[in-house]
1. Could you tell me whether Ala95 is surrounded by 16 or more Cβ atoms within 10 Å (Cβ to Cβ) and either free of Cβ contacts under 8 Å to residues at least 60 places away in the same chain or hydrophobic (A, V, I, L, M, F, W, C) (or both)?
2. What number goes with the only condition from (1) within 20 Å of Ile150 (Cβ to Cβ); (2) under 18 Å from the mean Cα position of the chain (by Cα) that Met99 does not pass?
3. Inside segment 39-51, can you point out the residues that are modelled with pLDDT under 95 and surrounded by 10 or more Cβ atoms within 10 Å (Cβ to Cβ)?
4. What strands (runs of 3 or more DSSP E) lie completely within segment 80-149 and have 2 or more residues being basic (Lys, Arg)?
5. Can you tell me how many residues in segment 52-85 are at pLDDT 95 or above, surrounded by fewer than 14 Cβ atoms within 10 Å (Cβ to Cβ) and of a type outside the set (D, E, K, R)?
6. When you check Asp77 against the structure, is it more than 19 Å from the chain's Cα centre (by Cα) and touching a residue at least 60 places away in the same chain (Cβ under 8 Å), yes or no?
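The values are calculated or read from the model by the stated rules, or taken from the named source; none is laboratory data. What you are looking at is a predicted structure, and each value in this text was computed from that prediction instead of being measured. As a convention, Cβ positions derive from the backbone with ideal geometry for all residues, glycine included, and neighbour counts pool all protein chains shown.
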Amino acid sequence: MEQTKTIGFLQNRKNSSASHEAGFSVMAFLLALALSTTLLHAAGFEKEAKTRETRVLISSEKPLSTGSNTLELGIVDKGGTLTDAHVSVKVFMPAMPGMPAMESTSEAKLLKNGKYSVEVNFSMSGTWQLHIFIAPPSKKTVRVKTSVNI
């Protein structure tokens with residue numbers, strides 16, 4: 001009888017240990033999933049905006065936030081990558097009840113890799129409109145519109 005109790009106790013302990021290990025594995029998996037999601041979210045910002053003939057890839061090394069942000073613009077039209085255009089970006093938030101409209105315009109600089117860099121300022125959280133003005137030499141200026149949430 002004593003031996004049966006001991007065997008029963010050991011089997012219960014073994015089952016308890018196995019369920020503890022399974023619970024630990026589930027917790028480790030959930031922790032790894034949460035960390036990877038956080039790291040992916042913090043990887044930066046990327047968005048594509050386009051018209052019929054022009055496509056702009058807007059990206060940032062960091063997630064967009066209130067204050068100053070550096071955007072990188074990759075611009076492609078039906079002739080290929082644009083590397084000689086005059087580019088400016090207007091960011092604005094329309095007026096709302098109890099709040100005036102906010103707006104700023106910045107000139108983009110051509111980088112060595114054929115992309116453009118521009119500093120923009122989002123003075124508060126919310127939905128901001130972006131108008132990207134692209135003026136290639138001897139062509140009509142193109143306006144590409146999109147929005148971002150800060």
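1. On the way: surrounded by 16 or more Cβ atoms within 10 Å (Cβ to Cβ): no; either free of Cβ contacts under 8 Å to residues at least 60 places away in the same chain or hydrophobic (A, V, I, L, M, F, W, C) (or both): yes.
No, not satisfied.
2. (2)
3. Ala43, Gly44
4. By residue number, 142-149.
5. Within segment 52-85, residues that are at pLDDT 95 or above, surrounded by fewer than 14 Cβ atoms within 10 Å (Cβ to Cβ) and of a type outside the set (D, E, K, R) number 6.
6. The answer is yes for Asp77.
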